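The structure under discussion appears below in the form of structure tokens.
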Amino acid sequence: MDFMKGYMGKILKVDLSSKKVSNIPLDKKLVDKFLGGAGYATAVLFKMLDKHTDPLGPENVLFFMSGPLLGTLATCTGRLVVCAKSPYTGILGESNAGNYIAPMIKRAGFDGILITGVSKTPVYLEITDDKAKIKDATDLWGKGIFESSEILLKTLGSRAKVMCIGPGGENLAKFANIGGDTRSFGRTGMGAVMGSKKLKAIIALGTKMVELAKPEEFKQHVLQVNKEMMEVYTHQVMGGLGTAANMNLYSLTGELPVKYWRGASFPEEDKISGATMAEKYLKRQRHCYACPIGCGRVISLGENDFGLPSSEISGPEYETIASFGSMMDNPSLEHIIKANYMCNDLGLDTVSTGGIISFLMDLIDRGKITAKDLDGIDLKWGKMDAVFQLIQKMATRDGVGDLLSKGSNAVGRYFGIDTEQVGTVNNSEVIYHDSRASHGMAIAYGLSPHYGGSHNACDMYMVSLGLSREEMEIEMIPSHDNTPKMAVSAARTMEYRAFYSSYGMCVFANPPTDQIAKTIELGTGLPYDIERIKITGKRILALKRLFNLKMGFTREMERMPKILLTPLEGGTEGAVPDTHLLFSEYYKYLNWNAVTGKPSEKVIRELGLEEFSNF
Ligand code: SF4
């Protein structure tokens, strides 16, 4: 079809209730406003869902969507986003991952996949050039992600790519993930939504080429962007040591959370650092599609006593290392690798899984529960054999696993624990950059659009480390700052990352913004510049807020529990973010109503969001 370059021009629509497969033309007006990715998906979901939508019911919609240049060379855009109403938070569910199935879907001729309804029996979706079939997956149901993927690959050959849920998603664990061929769609329970639809997997094999507006200029430009980007030290470190490169620094500054947010430092951080993993087990870097950085880890423990395969497996990311390491007072890298392997196979988000289990350790430590409450499992700080048993139970919802599969807040309610002592925001375990060490992260935790605590939505820990951005007016603010400047810098970072979420770019890749604009222009033919990136980011951030308000989100839900704001000695030197000031300055800067949480009429008008403002 006739559409701007870069895009394939159509979305695959799959209704699992009627087993009907069809194509929907890509909406040019939505592309103009939101570019693609999470912005486009949120705009579509806004019209289809409301506050009465049951996230695990047939009326929820699961939308996999790409950015405009997925499937091309464009720097670090090999990511796919998945959105739905989240069963974990009740607001926008959004998770993105760099996988090779992402470009395969695009090369099969689709910019996205919109999944509605529910199948009566387990199925999987097979996508080839311009075609899709719904196939029986009864034999796969109950199997882990690794085995299921292997079986499916035999059907289309090893060039095909798979994404899949494990028992966690099948059993509707509310923080279940979707495992991709290299990385997982981890947060906000998108695996549970897929499980509720009885959709076990998607396999894709595409052979089409993505057409570009100015192919030769595009290629030369992207090669130059990549070259210059890889001359920057931070990108090199990320490639060499992975996302856990800064473990020692984070431990020193107190950014690394310890013993369920109550510890001040983790003296054994060396044992679980990216450098140690590289030295002991790294076989090679793993690059997402079109990424020159390669922060992914492919490791091997060889013959081992940990019950892990001797072959190559994925190494854990920083968040997973913090989750099963310092948060649990566990200095064993091998045990972290095993927990990561289990979660990736069973289909559980490593941030939430580790957060819930370290919460249980804290409850045991404070005498609030005993082993009897955990089916007799003797859980203590650092006792990882007990952790492995609980992970298994969470995925299968066996015994106490049924309670744990609902998350920390459900656990806290069941045992009568003060909600101020549960490290969640909006029901979701926050990620692992302690906001007492990096105050801008309080804004990421309290105010990010798609769940409590998104580092992708607002990586202020990086800005405070020096990732300023003059052209976007994002100022480097010292970590312990509690002034309006911090709020403004965080809000602008959030706008910028909202743009990233639609462009489909990895937040670890930070070439100058004018280079990104030029990439879009040369690839799609759409006129793009820094100003357009700014306004698009603002628009997407406001749209996500409007979506959340339509789902029933209120400002009262924007709160940080006391456990995350209790002063600690050590690296953070007793500092805490002033959330009252930072949050109210954030609203002021954005010109959103601080009582209702809604963007003002002026903002809605200026951003052209009128059709999303009445609900
Ligand atoms: S920097 Fe890492 S996560 Fe980002 S695209 Fe590259 S390999 Fe993937």
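The values are calculated or read from the model by the stated rules, or taken from the named source; none is laboratory data. Quick caveat: nothing in here was measured; it's all calculated off a predicted structure. Backbone-built Cβ (ideal geometry, glycine too); neighbour counts: all protein chains shown.
Only one of the listed residues (Asp349, Asp329) is surrounded by fewer than 24 Cβ atoms within 10 Å (Cβ to Cβ) and in contact with a strand residue (DSSP E or B) (Cβ under 8 Å, 6 or more places away or on another chain). That residue is Asp329. Taking Leu403 as the residue in question, decide whether it is more than 22 Å from the chain's Cα centre (by Cα) and within 22 Å of Lys85 (Cα to Cα). Yes, satisfied. When region 493-503 is filtered for residues that are without any contact (Cβ under 8 Å) to a residue 60 or more places away in the chain and either surrounded by fewer than 22 Cβ atoms within 10 Å (Cβ to Cβ) or not hydrophobic (A, V, I, L, M, F, W, C) (or both), the ones remaining, listed by number, are Thr493, Glu495, Tyr496, Arg497, Tyr500. The set of residues from region 10-42 being outside any strand (DSSP E or B) and surrounded by fewer than 18 Cβ atoms within 10 Å (Cβ to Cβ) comprises Ser17, Ser18, Lys19, Asp27, Lys28, Lys29, Leu30, Asp32.
Residues that are among the small types (Gly, Ala, Ser), touching a residue at least 24 places away in the same chain (Cβ under 8 Å) and in a loop (DSSP other than H, G, I, E, B) do not occur anywhere in region 356-366.
Just name the residue that is farthest from Lys544 (Cα to Cα) out of those in region 493-523 that are of a type in the set (Phe, Trp, Tyr) and within 13 Å of the ligand (Cβ to nearest atom).
Per the stated criteria, the residue is Phe508.
Within region 169-214, being touching a Lys or Arg at 6+ places or on another chain (Cβ under 9 Å) and within 16 Å of the ligand (Cβ to nearest atom) holds for Asn177, Gly180, Asp181, Thr182, Arg183. Go through region 265-304 residue by residue and tally those that are away from the ligand (no atom under 12 Å from the Cβ), in contact with a Ser or Thr (Cβ under 7 Å, 6 or more places away or on another chain) and touching a residue at least 60 places away in the same chain (Cβ under 8 Å). Of the residues in region 265-304, 2 are away from the ligand (no atom under 12 Å from the Cβ), in contact with a Ser or Thr (Cβ under 7 Å, 6 or more places away or on another chain) and touching a residue at least 60 places away in the same chain (Cβ under 8 Å). Restricting region 65-80 to residues that are outside any loop (DSSP other than H, G, I, E, B) and within 13 Å of the ligand (Cβ to nearest atom) leaves a set whose member that is farthest from Ala204 (Cα to Cα) is Arg79.
If you check His455 against the conditions, is it more than 16 Å from the ligand (Cβ to nearest atom), under 16 Å from the mean Cα position of the chain (by Cα), modelled with pLDDT under 90 and not β-branched (Val, Ile, Thr)? Against the criterion (more than 16 Å from the ligand (Cβ to nearest atom), under 16 Å from the mean Cα position of the chain (by Cα), modelled with pLDDT under 90 and not β-branched (Val, Ile, Thr)), His455 does not qualify. Considering only residues that are free of Cβ contacts under 8 Å to residues at least 24 places away in the same chain and in contact with a helix residue (DSSP H, G or I) (Cβ under 9 Å, 6 or more places away or on another chain), look in region 14-43 and name the one that is nearest to Tyr503 (Cα to Cα). So the residue we want is Leu30. Pairing residues of region 404-430 that are among the acidic types (Asp, Glu) with residues that are surrounded by fewer than 24 Cβ atoms within 10 Å (Cβ to Cβ), at Cβ distances under 6 Å and at least 6 apart in sequence or on separate chains, gives Glu420/Pro561; Glu420/Lys562.
Results for (1) under 23 Å from Glu531 (Cα atoms); (2) touching a helix residue (DSSP H, G or I) at 6+ places or on another chain (Cβ under 6 Å), shown as yes or no for each residue.
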{"position": "Glu429", "(1), (2)": "no, yes"}
{"position": "His433", "(1), (2)": "no, yes"}
{"position": "Ile443", "(1), (2)": "no, yes"}
{"position": "Ala457", "(1), (2)": "yes, yes"}
{"position": "Tyr461", "(1), (2)": "no, yes"}
{"position": "Leu465", "(1), (2)": "no, no"}
{"position": "Glu470", "(1), (2)": "yes, no"}
{"position": "Ile474", "(1), (2)": "yes, yes"}
{"position": "Asp481", "(1), (2)": "no, no"}
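Taking the criterion of being at positive phi and of a type in the set (Gly, Ala, Ser), the residues of region 532-590 that qualify are Gly552, Gly570, Gly574. When Lys588, Lys602 are screened for being surrounded by fewer than 18 Cβ atoms within 10 Å (Cβ to Cβ), of a type in the set (Lys, Arg) and free of Cβ contacts under 8 Å to residues at least 12 places away in the same chain, only Lys602 passes.
Within region 504-516, residues that are within 14 Å of Val232 (Cβ to Cβ) have Cβ atoms under 9 Å from residues that are away from the ligand (no atom under 16 Å from the Cβ) and modelled with pLDDT of 95 or more in these pairs: Gln515/His221; Gln515/Gln224, counting only partners at least 6 apart in sequence or on another chain.
Is it true that Ala132 is in a strand (DSSP E or B) and within 30 Å of Ser352 (Cα to Cα)? Answer is no for this residue. For region 529-545, the criterion of being more than 16 Å from the ligand (Cβ to nearest atom), closer than 28 Å to His235 by Cα, modelled with pLDDT of 95 or more and in a loop (DSSP other than H, G, I, E, B) is met by at least one residue.
Selection over region 518-565 of residues that are free of Cβ contacts under 8 Å to residues at least 24 places away in the same chain and closer than 27 Å to Ile443 by Cα gives a count of 3. Considered as a group, the residues in region 43-76 that are under 15 Å from the mean Cα position of the chain (by Cα) and of a type outside the set (A, V, I, L, M) include one that is surrounded by the fewest Cβ atoms within 10 Å (Cβ to Cβ), and that residue is Phe63. For residues in region 394-403 being without any contact (Cβ under 8 Å) to a residue 60 or more places away in the chain and not in a loop (DSSP other than H, G, I, E, B), which is surrounded by the fewest Cβ atoms within 10 Å (Cβ to Cβ)? If we take residues in region 394-403 being without any contact (Cβ under 8 Å) to a residue 60 or more places away in the chain and not in a loop (DSSP other than H, G, I, E, B), then Asp402 is surrounded by the fewest Cβ atoms within 10 Å (Cβ to Cβ).
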